[in-house]
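These notes concern the structure reproduced below.
The values are calculated or read from the model by the stated rules, or taken from the named source; none is laboratory data. Only a predicted model underlies this, so the values are computations on that prediction, with no experimental measurement involved. Backbone-built Cβ (ideal geometry, glycine too); neighbour counts: all protein chains shown.
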Amino acid sequence: MPPFRTFFFNRVKRLSRSQKKLCLALVDVVLAPISFLLAFGVMYETLPDVAFFQTHGAVLLILAGLGGAFSVALKMPNIKLNSYEAHGILRTGAMTLLVAGSLTLVVAALGVAVPRLGIILFGLFFFLSAVALRFAMLHTLLWVLRADQPRQRVLIYGAGKTGEQLLAALRSHDSIWPVAFVDDNPALHNLSSGGLHIYGSDRILELTARLGVDRILLAMPSVCAPKLAQIACKLQVMGLTVMSVPSFAQITGVERLVDTLTLIEPDTFLGRMQVGNAMPLGTEAYQGRTILVSGAGGSVGAALCRKLLSSKPACIVLYEASEFALYTVERALSKLAADTGTRLQPILGSISDSRLARTVMVEHKVEVVFHAAAYKHVPLVEANPISGLANNVLGTRSFADAAIAAGVQKFVLISTDKAVRPTNVMGASKRMAELVIQDLAKRTQRTAFSMVRFGNVLGSSGSVIPLFKDQIAKGEAITLTHEDVTRYFMTLSEAARLVLLAGSFSDARCGGDVFVLDMGEPVRIRDLAEQMIQAAGLTVCSADRPDGDIEIIVTGLRPGEKLHEELLIGQGLLPTPHPKILRAEEQSLTELQMATALQALRAAVETGDVERALGILHSCVEGYGDPLQGIAAQ
């Protein structure tokens with residue numbers, strides 16, 4: 001910083017607030033008599049002489065006093081220089097009128113001849129000089145403070161009211177310098193606002209290069225969030241830094257800072273009526289009992305725990321491998337559990353840990369197990385088949401064995417429609433888990449084993465709903481694997497209710513039952529994507545409507561992904577006490593086939609032999625690739 005600026009900066013910095021107020025008051029004390037001298041010089045086109053000072057000296061002294069008095073009375077020194085805008089100018093005008101009016105009375109009382117024009121000129125000069133000097137002081141201070149300090153040159157996107165307010169706020173900012181407006185409204189192009197030129201948004205690249213712009217400020221709070229995100233994304237692709245300005249409603253808390261999809265209910269996209277809330281035998285089956293839920297931190301597991309609490313069980317054991325998921329679900333359920341008098345017991349561990357599973361079930365006297373823990377993301381399990389099989393198949397067997405050893409009364413496996421004639425490792429592993437449960441059901445009368453099979457759960461971590469919602473919120477294109485892909489859908493509430501009903505229906509005398517929900521017709525995912533776009537108040541970008549907001553891009557089916565899912569392997573369906581819940585009778589492996597398959601699978605997992613592990617799936621699981629000679633034929 002140059003020596004003069006350094007000296008000036010240090011002097012100003014040392015001044016107290018009271019001293020700064022005194023300086024501002026002295027400005028008006030000095031300007032009042034000076035303005036009178038200027039008015040005299042302009043009116044008589046001559047400089048004041050000795051005779052003038054002899055005649056008007058008292059007037060000058062009184063004016064100095066009046067200037068200071070009215071300045072203090074109107075609290076002019078309290079107005080910070082960097083806040084001296086319209087309000088400060090109006091207060092300066094009021095001070096001028098008071099001083100000029102007082103001057104009229106003073107000259108009349110002293111008998112000094114001052115023409116009316118002189119008083120008018122005095123008021124004009126006093127007002128202009130008071131305003132100009134304050135702005136001059138402000139810019140001098142900014143000039144000193146900004147010395148050697150880098151300033152970011154910004155482009156304001158949006159020349160509406162918010163953009164104008166933003167410009168006014170940034171005028172006196174130490175490190176930000178607005179250089180121009182851009183706006184999508186053609187009617188505003190080539191106009192100016194607040195001293196800045198308004199350009200079309202198609203010239204942003206040119207402006208950033210020519211004006212040295214560092215970042216873009218989006219001042220369009222009325223634009224919906226997805227559209228705003230779309231604009232920001234395009235600008236970021238250009239290599240620009242983008243920031244968004246919230247609306248006044250958002251700042252004051254009137255408008256929540258959420259995207260437009262927040263209020264969408266999942267059942268909007270079912271295409272059918274939900275299964276009713278009535279739960280025959282539900283309350284009686286779980287009231288006062290100890291229930292264990294594996295995978296309690298997952299979407300379905302957490303929903304199941306919430307639904308269980310309405311039955312007022314004595315204890316819910318939350319069994320979860322993820323520390324964060326376990327912490328989250330326990331915290332979310334603690335208040336509800338306190339209201340129902342249910343004890344929550346969090347257990348951090350893997351379902352493959354047979355010692356821990358058996359110890360927990362025995363120690364807490366678990367009566368019912370809902371086994372929701374599994375690896376369920378198709379592409380991830382497809383890329384990691386050994387991990388998927390170890391968890392979904394061997395882990396299920398280990399957990400079920402622990403339940404038998406601990407004397408658990410009921411064990412319910414939560415399966416998926418992807419287990420029916422699967423084309424991917426995840427679905428095949430879940431079908432193998434079903435075969436494991438069916439095998440154990442035939443060999444024990446101590447624990448009633450059953451399975452619940454349903455389609456995709458709206459809003460769960462693996463559902464397309466969160467993916468589409470996130471893409472729409474960001475203004476990105478929706479990615480669709482195939483134009484005609486369909487899926488069965490149910491809500492989290494329906495899924496939890498189905499599992500509880502299945503648990504109440506299961507019986508050890510006829511164990512191994514597969515319960516399925518009458519889910520209506522499958523939903524076309526393309527239709528689902530379009531509904532979500534429209535629900536967000538946007539339009540689909542297509543060949544017929546190229547100006548639409550959100551595009552739908554077909555990426556192709558992922559490895560192992562089916563075009564259409566099924567719910568049943570066989571054809572036979574039996575009724576249950578609930579009209580929308582059906583029971584399927586399906587074939588299973590013999591005891592020898594199951595034992596041989598599990599032995600071979602354990603060996604393949606221990607050695608990491610992917611080819612051998614997949615060969616076991618081919619042999620045991622109907623529909624998974626071409627049948628191979630081997631275990632199933634034994």
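As an exercise: evaluate VAL29 against (1) more than 59 Å from the chain's Cα centre (by Cα); (2) of a type in the set (A, V, I, L, M); (3) part of a helix (DSSP H, G or I) and give the number of the one condition it does not meet.
Here VAL29 meets the rest and fails (1).
Give the residues of region 326-370 that are among the aliphatic types (A, V, I, L, M) and part of a loop (DSSP other than H, G, I, E, B), sorted by residue number. Before you say what the answer is, go through the steps one by one.
First pass over region 326-370, keeping only residues among the aliphatic types (A, V, I, L, M): 326, 329, 332-333, 336-338, 344, 347-348, 351, 356-357, 360-362, 366, 368-369.
Correct list: ILE351, VAL366.
Of (1) outside any loop (DSSP other than H, G, I, E, B); (2) at pLDDT below 85; (3) under 21 Å from ARG421 (Cα atoms), LEU614 satisfies all except one. Which?
With (1) outside any loop (DSSP other than H, G, I, E, B); (2) at pLDDT below 85; (3) under 21 Å from ARG421 (Cα atoms) applied to LEU614, the lone miss is (2).
Among the numbered conditions (1) among the β-branched types (Val, Ile, Thr); (2) surrounded by fewer than 18 Cβ atoms within 10 Å (Cβ to Cβ); (3) modelled with pLDDT under 80, tell me where THR590 comes up short.
It is condition (3) that THR590 fails.
Let me spell it out: the conditions are (1) touching a Gly at 6+ places or on another chain (Cβ under 8 Å); (2) modelled with pLDDT of 70 or more, and ILE79 meets all of them except one. Which number is the exception?
Tallying (1) touching a Gly at 6+ places or on another chain (Cβ under 8 Å); (2) modelled with pLDDT of 70 or more, ILE79 fails exactly one: (2).
With ALA373, ALA402, ALA390 as the choices, which residue is outside any loop (DSSP other than H, G, I, E, B) and in contact (Cβ under 8 Å) with a residue 60 or more places away in the chain?
Numbers: ALA373 fails: outside any loop (DSSP other than H, G, I, E, B); ALA402 fails: in contact (Cβ under 8 Å) with a residue 60 or more places away in the chain.
Just one listed residue meets the conditions, ALA390.
Might you let me know whether region 563-583 holds any residue that is more than 28 Å from ASP484 (Cα to Cα), surrounded by fewer than 13 Cβ atoms within 10 Å (Cβ to Cβ), of a type in the set (S, T, N, Q) and modelled with pLDDT under 75?
No, region 563-583 has no match at all.
Between a first residue in region 110-138 that is buried (at least 17 other Cβ atoms within 10 Å of the Cβ) and a second residue that is at pLDDT below 80 and outside any helix (DSSP H, G or I), which pairs have beta carbons less than 8 Å apart while being 6 or more apart in sequence or on different chains?
So the pair list comes out as ARG134/TYR84; LEU138/TYR84; LEU138/SER172.
Of all residues in region 351-377, which are surrounded by fewer than 18 Cβ atoms within 10 Å (Cβ to Cβ), within 12 Å of ALA406 (Cα to Cα) and within 38 Å of the chain's Cα centre (by Cα)?
Listed by number, the list holds a single entry, LEU356.
Can you tell me which of ALA86, ALA94 is at pLDDT 80 or above and either surrounded by fewer than 17 Cβ atoms within 10 Å (Cβ to Cβ) or of a type in the set (Asp, Glu) (or both)? Spell out the reasoning first.
Values: ALA86 fails: at pLDDT 80 or above.
Only one candidate qualifies: ALA94.
Being among the aliphatic types (A, V, I, L, M) and crowded, with 16+ Cβ neighbours inside 10 Å narrows it down to one residue among LEU380, LEU336, LEU394; which is it? Quick ask: steps written out before the conclusion?
Working: LEU380 fails: crowded, with 16+ Cβ neighbours inside 10 Å; LEU336 fails: crowded, with 16+ Cβ neighbours inside 10 Å.
Just a single option satisfies the conditions, and that option is LEU394.
Of everything in region 479-510, what is aliphatic (A, V, I, L, M), modelled with pLDDT of 75 or more and surrounded by fewer than 22 Cβ atoms within 10 Å (Cβ to Cβ)? Give them in sequence order.
Within region 479-510, LEU480, VAL485, LEU492 qualify.
Looking only at region 617-634, which residues are modelled with pLDDT under 75 and of a type in the set (A, V, I, L, M)?
Listed by number, the residues that qualify are LEU628, ILE631, ALA632, ALA633.
If I ask for residues that are in contact with a strand residue (DSSP E or B) (Cβ under 9 Å, 6 or more places away or on another chain) and among the small types (Gly, Ala, Ser), which ones from region 317-337 would you list?
To start, the set of residues in region 317-337 that are in contact with a strand residue (DSSP E or B) (Cβ under 9 Å, 6 or more places away or on another chain) comprises 317-323, 326-327, 329-330, 333-334, 337.
Scanning region 317-337 gives ALA321, SER322, SER334, ALA337.
Yes or no: LEU348 in contact with an Asp or Glu (Cβ under 9 Å, 6 or more places away or on another chain), surrounded by fewer than 19 Cβ atoms within 10 Å (Cβ to Cβ) and within 30 Å of VAL605 (Cβ to Cβ)?
Against the criterion (in contact with an Asp or Glu (Cβ under 9 Å, 6 or more places away or on another chain), surrounded by fewer than 19 Cβ atoms within 10 Å (Cβ to Cβ) and within 30 Å of VAL605 (Cβ to Cβ)), LEU348 qualifies.
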